[in-house]
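Chemist: Structure in structure tokens, see below.
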Amino acid sequence: MPAVEETQIIKYLSKYKYIGATKKDVVSVVTSYRSLTYDLQWFVFNDGSSKELFTIQGTIPVVYKNNTYYIPICIWLMDTHPQNAPMCFVKPTPTMQIKVSMYVDHNGKVYLPYLHDWQPSSSDLLSLIQVMIVTFGDHPPVYSKPKEQIAAPYPTNSYMPQPGGSNSFLPYPTAGGAGGSNFPPYPTGSSFGPYPPTPAGPAGGSGYQPYMNFPQPTAGGYPPAAGYNSSNPSSTGTITEEHIKASLISAVEDKLRRRIQEKVNQYHAEIETLNRTKQELVEGSSKIDAIISRLEREQVDLQKNISVLKDKEQELEKSLETLESAEAINPDEAVTTTAPLYRQLLNAYADEAATEDAIYYLGEGLRGGVIDLETFLKHVRQLSRKQFILRATMQKCRQKAGLAG
């Protein structure tokens, strides 16, 4: 793509949040489909508010019954693209009529599962257009408008393409539910699919490309009228009242059949939408019930913990009151023994431990130079004699008390 066009696209996307990703998406589409153009236009929402949005419009090639047609579309990109799915519309030319289905409503808005399940990380406009091409190939979104014809026994092909300049015409489908339009007196037959004729070219002011390379049918390729036998010997080649009556009856039947089919398709699409909404509501209700159950369980656990904490608080308060009202404790009397022998053992053990600590700190003093060697040896001899006597006393007390060791 030329740098000028890329600069123009960036200018149009200046108010968008994700300019880089949106520009990459648009460039890939415009490069792949030359029949699509871009512009910046105002879009009016259902609530009456309007916003200037980037739009891609033009025609896309759709293959229907081995023939290629160009369907006019318009894609509006939200200012948060690609985080939000774009809005797609079918824009019929003056010679076309929208065919309402589960994929296209009466306003031309396109509904696709690809749009409903739009993922910002994996979805893009190029894949969206390819899905539209495949879907429209199975379910054409538009059909041709028939023109009012009264005098001719067969419908003229003034509104159909005439490739090669031949007077024979391609068996195109006629209107399927176009309200208020008159049908030609000759019945069209139900074997033709609902597909549009060529849109008006540049001279017609529609701005869409013409349909391409229509096959040339053979002479007599148009289906005969229902109820009319061309081999009847009584045929004179003129229109009789029976012919007109049969044609009108067939046209009314086809019109009613198409309208009923459109209503059925419309209601079917609405039912599917309601079913999806119902499923989402049921899933949401299940999630809400699960959340409520979890909250109730947590509330019960919280009440239990509060009760336990209150009990502990009462115990602490009672302990504090007891300690505050109690008299001062003498450390020497804090530990008492049940017999004098055990008291002697306890006192000997305490003295021996104190003697051990004294010898240790004398060694530390000698190492630090606080006392000299002679003083160290003098006190260590005294303490060692005392320690020996204390240990002997403990050994004898243990033997008298019958303790192990």
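Chemist: Once phi is turned into ³J(HN,Hα) by the Karplus curve 6.51 cos²θ - 1.76 cosθ + 1.60 with θ = phi - 60°, what whole-Hz value does each residue of the range 56-62 show in order, with x for glycine and proline?
Modeler: After applying 6.51 cos²θ - 1.76 cosθ + 1.60, I find 10, 9, x, 10, 10, x, 10 Hz.
Chemist: Give me a comma-separated list of calculated 3J(HN,Hα) values for the range 73-82, in order, Karplus coefficients 6.51, -1.76, 1.60 applied at θ = phi - 60°, integers in Hz, x for any Gly or Pro.
Modeler: So the J values, rounded to whole Hz, are 9, 8, 10, 9, 9, 5, 6, 9, 4, x.
Chemist: Still on this model: Put one equal scatterer on each alpha carbon of the range 3-144, apply the Debye formula with no solvent term, and list log10 I(q)/I(0) at q = 0.14, 0.16, 0.21 1/Å to two decimals.
Modeler: Those come out to -0.66, -0.86, -1.43, one per q.
Chemist: Using the basic label-point model (7 angstrom from Cα toward the beta carbon), what is the Glu270 to His379 distance in nanometres?
Modeler: 10.6 nm
Chemist: Hey, with R₀ at 41 Å, roughly what FRET efficiency would Asn66 and Lys245 work out to, going by the Cβ-Cβ distance, to 0.05?
Modeler: 0.70
Chemist: Picking from Leu377, Gln387, Ala354, whose Cα lies most toward the positive end of the charge dipole for the range 340-401 (charges on Cβ: Lys, Arg +1; Asp, Glu -1)?
Modeler: Sorting the options by dipole projection puts first Gln387.
Chemist: Give, rounded to the nearest 20 debye, the magnitude of the charge dipole that the range 3-144 has about its Cα centre when Lys and Arg contribute +1 at Cβ and Asp and Glu contribute -1 at Cβ.
Modeler: Charge dipole, the range 3-144, about its Cα centre: 160 debye, nearest 20.
Chemist: Considering only C-alpha atoms, what is the centroid distance from the range 62-92 to the range 1-44, in Å?
Modeler: With the range 62-92 and the range 1-44 each reduced to a Cα centre, they are spaced 15 Å.
Chemist: Considering the options Val27, Gln83, Ala3, tell which one lies farthest towards the positive end of the dipole of the range 3-144, charges being +1 on Lys and Arg and -1 on Asp and Glu at the Cβ, about the Cα centre.
Modeler: Looking along the dipole axis, the top candidate is Ala3.
Chemist: Could you point to the residue in Val134, Pro72, Leu112 farthest towards the positive end of the range 7-140's charge dipole, with +1 and -1 charges on the Cβ of Lys/Arg and Asp/Glu respectively?
Modeler: Pro72
Chemist: About the Cα centre of the range 1-69, what is the dipole size in debye to 20, counting +1 per Lys and Arg Cβ and -1 per Asp and Glu Cβ, all else neutral?
Modeler: Working: 8 positive and 6 negative charges, 27 e Å.
Around 140 debye, computed over the range 1-69.
Chemist: Moving to a separate point now. Can you give the charge dipole size of the range 340-401 about its Cα centre, rounded to the nearest 20 debye, using +1 on the beta carbon of Lys and Arg and -1 on the beta carbon of Asp and Glu?
Modeler: Dipole size: approximately 460 debye.
Chemist: For the range 340-401, divide the Cα radius of gyration by the Kirkwood radius and give the resulting Rg/Rh value with two decimals.
Modeler: 1.13
Chemist: Report, in listed order, any pair from Lys99/Lys255; Lys109/Lys278; Lys99/Lys145; Lys91/Lys145; Lys51/Lys99; Lys65/Lys255 with a Cα-Cα distance greater than 19 Å.
Modeler: Lys109/Lys278; Lys51/Lys99; Lys65/Lys255
Chemist: Go through the range 110-118 residue by residue and turn each phi into a ³J(HN,Hα) via Karplus (6.51, -1.76, 1.60, θ = phi - 60°); whole Hz please, and just put x for glycine and proline.
Modeler: So the Karplus estimates, Gly and Pro as x, are 9, 10, 10, x, 4, 6, 5, 9, 4 Hz.
Bear in mind that the values in this text are calculations on the coordinates, not laboratory data. These numbers were taken from a predicted model, which means no experiment stands behind them. Backbone-built Cβ (ideal geometry, glycine too); neighbour counts: all protein chains shown.
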